[in-house]
Structure formats: C-alpha cells, structure tokens
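Below: one structure, written as structure tokens.
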Amino acid sequence: MDPALTIRRVNKSDEPLLASIIRVTFDEHQAPKEGTVYSDPTTDHLFDLFEHPDAVLWVAEWDTIVVGCCGVYPTTGLPTGTAELVKFYIGSPARGRQIGKQLMNTCISSAKELGYVNLYLESMPQFSTAVDFYTRLGFTMLPHSLGDSGHPTCSIWMLLPLENR
C-alpha cells in the first residue's frame, strides 16, 4: 500500500467532503442527479447512515487529504447474506493510483467479516470505467435490481459472491 494512503472508518467531519466528492463525480460524468445518490438526502449524513451495526464506510486519505470512500450496507430487501457495495467514489486527482482497489479490497474483507456471502451493487452507463473495474474483480451482471436502494435511475446491477475471496 502507498505509504501516503490511509484507509479508515468515516468520521462525522468527513460528511461535507464526501458529499462533495460524490456530487462532483456525478457532474464530471454528466450522470443523472434525480433518483440517484446525488439527490439522496443521506449523502449529506454518511456518518449517521453508517452507524448501522452491519455496515461500514471506509474513507481514503491520500497525503492527509480525503479523496474517496466505499462502503458496505445492508440495503432493505436484499436476499439473506447479501449486502450492497455503496458510495464508491474517488475524487479525480486520486484516480488511477490504486486507491479504488485498496478501498474495494477493504470493503470485501469487511463484508466477509460482517458475515455476508454476496456483495451487490448498482451503477449506470455513465460510470463505465467503474463497471469495467467491477467486472475485472468478478462482479457479474444481473438482469434486474435487488433490494430497495431508493435509486431507480441506476440501470446496471451486479453481484459478487464472496466465497473463495
């Protein structure tokens, strides 16, 4: 791991920075704002959202600057043993430096420690680079959504079995 990179749990003081990273990423990729995390009111209250006992949000700091996040959350309506991979965003200056891979590996380990056997995620075509990344990690496409994320604009659904990971 890059010595300048720290991955830690979310703090209350991270909320405005993370909300900004998420929304700027949507702006950069011209992704829809309604029906997505962009307009979801929990985006401004991530510390509070992740106080759930079966959830975790990891924050990446690079050279002491918050540059991204990724979490595991027990979204309502998901099959037993399945959690959602959520809030996976890296600010543009930190992309291409393996930070996303470190966050993803941390989330996969956390999901297993929390007792999950599958990770589910939702995305959209505007984030094709991320979707390619998920595919390389072993996520496979699903024909429909699972659970009730509250993000009806997402049109890509993927699943990763955690067995043997």
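For this structure, a couple of remarks:
- One residue stands out among those in segment 4-28 that are under 21 Å from residue 108 (Cβ atoms) and of a type outside the set (Val, Ile, Thr): the one that is surrounded by the most Cβ atoms within 10 Å (Cβ to Cβ), which is 18.
To keep it simple, each residue is scored yes or no on (1) farther than 25 Å from residue 10 by Cα; (2) in contact with a helix residue (DSSP H, G or I) (Cβ under 7 Å, 6 or more places away or on another chain); (3) of a type in the set (Lys, Arg).
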residue	(1), (2), (3)
83	no, yes, no
96	no, no, no
143	yes, no, no
150	no, no, no
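Per-residue answers, yes or no, for (1) of a type in the set (Asp, Glu); (2) under 30 Å from residue 117 (Cβ atoms); (3) modelled with pLDDT of 95 or more:
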{"position": "34", "(1), (2), (3)": "yes, no, no"}
{"position": "46", "(1), (2), (3)": "no, yes, yes"}
{"position": "50", "(1), (2), (3)": "no, yes, yes"}
{"position": "53", "(1), (2), (3)": "no, yes, no"}
{"position": "62", "(1), (2), (3)": "no, no, no"}
{"position": "80", "(1), (2), (3)": "no, yes, yes"}
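Each row is one residue, and each column tells you yes or no for (1) assigned to a strand (DSSP E or B); (2) more than 14 Å from residue 90 (Cβ to Cβ).
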{"position": "15", "(1), (2)": "no, yes"}
{"position": "26", "(1), (2)": "no, no"}
{"position": "31", "(1), (2)": "no, yes"}
{"position": "61", "(1), (2)": "yes, no"}
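- Condition met for residue 135 (touching a Phe, Trp or Tyr at 6+ places or on another chain (Cβ under 6 Å), assigned to a helix (DSSP H, G or I) and not hydrophobic (A, V, I, L, M, F, W, C)): no
- Positions within segment 29-43 being crowded, with 16+ Cβ neighbours inside 10 Å and touching a Leu at 6+ places or on another chain (Cβ under 9 Å), in sequence order: 43
- Residue satisfying all of: in segment 95-137; under 28 Å from residue 35 (Cβ atoms) and without any contact (Cβ under 8 Å) to a residue 24 or more places away in the chain; surrounded by the most Cβ atoms within 10 Å (Cβ to Cβ) among these: 95
- Given (1) more than 23 Å from residue 138 (Cα to Cα); (2) touching a Cys at 6+ places or on another chain (Cβ under 8 Å); (3) part of a strand (DSSP E or B), index of the condition residue 71 fails: (1)
- Answer residue from segment 72-84, given it is in contact with a Leu (Cβ under 8 Å, 6 or more places away or on another chain) and without any contact (Cβ under 8 Å) to a residue 40 or more places away in the chain and is nearest to residue 7 (Cα to Cα) among those: 73
- Scanning segment 85-107 for residues that are in contact with a Leu (Cβ under 8 Å, 6 or more places away or on another chain) and among the aliphatic types (A, V, I, L, M) gives 85, 86, 90, 99, 104.
Yes/no per residue for (1) touching an Asp or Glu at 6+ places or on another chain (Cβ under 7 Å); (2) closer than 23 Å to residue 19 by Cα; (3) part of a strand (DSSP E or B):
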site: 53; (1), (2), (3): no, yes, no
site: 57; (1), (2), (3): no, yes, yes
site: 83; (1), (2), (3): no, yes, yes
site: 105; (1), (2), (3): no, yes, no
site: 120; (1), (2), (3): yes, yes, yes
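- Filtering 53, 16, 32, 41 for residues that are over 21 Å from residue 72 (Cβ atoms) and without any contact (Cβ under 8 Å) to a residue 40 or more places away in the chain leaves a single hit, 16.
The values are calculated or read from the model by the stated rules, or taken from the named source; none is laboratory data. Nothing here was measured: the structure is a model prediction, and the numbers come from that model. Note that each Cβ is placed from the backbone with ideal geometry, even for glycine, and that neighbours are counted across all protein chains shown.
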